1. Restricting attention to segment 125-171, which residues are of a type in the set (Phe, Trp, Tyr), in a helix (DSSP H, G or I) and touching a strand residue (DSSP E or B) at 6+ places or on another chain (Cβ under 8 Å)?
2. Yes or no: VAL9 in a strand (DSSP E or B) and of a type in the set (A, V, I, L, M)?
3. In segment 96-120, which residue that is among the polar types (S, T, N, Q) and either farther than 30 Å from GLY184 by Cβ or not assigned by TED's automatic domain parsing to the domain that holds ILE20 (or both) is modelled with the lowest pLDDT?
4. Which members of segment 184-195 meet the condition of being touching a helix residue (DSSP H, G or I) at 6+ places or on another chain (Cβ under 7 Å), in a loop (DSSP other than H, G, I, E, B) and without any contact (Cβ under 8 Å) to a residue 40 or more places away in the chain?
5. Does SER215 qualify as being in a loop (DSSP other than H, G, I, E, B), over 22 Å from the mean Cα position of the chain (by Cα) and within 30 Å of GLU141 (Cα to Cα)?
6. Suppose we filter VAL193, VAL213 for residues that are at pLDDT below 95, buried (at least 18 other Cβ atoms within 10 Å of the Cβ) and within 17 Å of THR226 (Cβ to Cβ); which single one remains?
7. Look through ASN168, ASN123 and report the one residue that is surrounded by 14 or more Cβ atoms within 10 Å (Cβ to Cβ) and modelled with pLDDT of 90 or more.
8. Criterion first (among the aliphatic types (A, V, I, L, M), within 18 Å of MET117 (Cα to Cα) and in a strand (DSSP E or B)) does ALA98 satisfy it?
Amino acid sequence: MEVKFYDTVNDELLKFAVIISQSNGKWVFCKHKERDTYEVPGGHREAGEDIFETAKRELQEETGAIKFEIKPICVYSVTGKTRVNDTGEETFGLLCFAEITEFAKELHSEMEKVVLMNELPENWTYPLIQPKLIEKYLQIEKQSYSRIQMVAKQTIEYIKKIIKPGMNLLEIRKFCEEKLLELGADSFWYWDVGAFVFAGDETTVSVSGKQYVTSDRIIGNNDIITIDLSPQVGNI
């Protein structure tokens with residue numbers, strides 16, 4: 001059994017979609033009615049169906065997900081005979097990740113139940129395939145997290161060089177958010193605020209992001225400045 005990963009392939013080659021899922025920090029696994037093993041939700045593409053729609057449909061059918069965010073991760077292939085591939089030829093699928101925030105009360109599929117796990121299971125339905133998919137997902141997430149952390153560090157270094165007494169905190173926030181986007185962030189994860197900026201005695205105050213408004217304050221000569229950034233790329 002061989003599993004390979006690709007950035008992309010021709011769309012017509014994609015025959016199935018698999019969705020690595022989490023809910024409230026726990027892994028989401030399905031147990032089929034006819035098996036005593038656990039598997040990641042997924043399934044085959046229907047005729048004329050967009051492959052990303054396949055992923056969303058299979059997630060909803062097999063987990064009962066009602067509210068969720070889903071994104072493509074990469075393409076993968078499996079070469080070798082499996083329960084659903086008698087020929088053993090290389091077949092291609094789309095690997096996705098979903099964060100599920102609400103489930104239906106009942107399942108209406110071949111799945112007996114959905115289980116939320118703190119740790120990965122030992123009894124996999126596809127032990128030679130799906131653990132490798134999760135390993136790939138974790139690797140990609142780690143790389144993406146490192147990149148976005150670097151964006152934040154570079155923005156702080158940039159601001160350190162230009163910040164000075166007489167500047168307004170609104171200016172500092174604007175400069176920070178523009179730099180974050182320039183360096184590769186595509187959004188801001190905390191209430192769409194990219195930079196929380198405080199000066200002087202404000203640095204002792206904790207402010208919820210939802211109600212946060214940058215103060216119209218001028219930086220003084222002896223002010224201590226606190227800047228908290230929240231860059232995001234692809235929900236990371």
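1. TYR137
2. no
3. First, the residues of segment 96-120 that are among the polar types (S, T, N, Q): 101, 109, 118.
Right, trim to either farther than 30 Å from GLY184 by Cβ or not assigned by TED's automatic domain parsing to the domain that holds ILE20 (or both) and you get 109, 118.
Details: SER109: 91, ASN118: 94.
For segment 96-120, the residue satisfying everything is SER109.
4. If the condition is that a residue be touching a helix residue (DSSP H, G or I) at 6+ places or on another chain (Cβ under 7 Å), in a loop (DSSP other than H, G, I, E, B) and without any contact (Cβ under 8 Å) to a residue 40 or more places away in the chain, then TRP191, GLY194 are the ones that fit.
5. no
6. One residue alone meets the criteria, VAL193.
7. Testing whether each residue is surrounded by 14 or more Cβ atoms within 10 Å (Cβ to Cβ) and modelled with pLDDT of 90 or more leaves just ASN168.
8. Working: among the aliphatic types (A, V, I, L, M): yes; within 18 Å of MET117 (Cα to Cα): yes; in a strand (DSSP E or B): yes.
Taking the combined requirement at face value, the residue satisfies it.
The values are calculated or read from the model by the stated rules, or taken from the named source; none is laboratory data. Just so it is clear, the model here is predicted, and its values are computed rather than measured. Please note: Cβ atoms are built from the backbone with ideal geometry, for glycine as well, and neighbour counts cover all protein chains shown.
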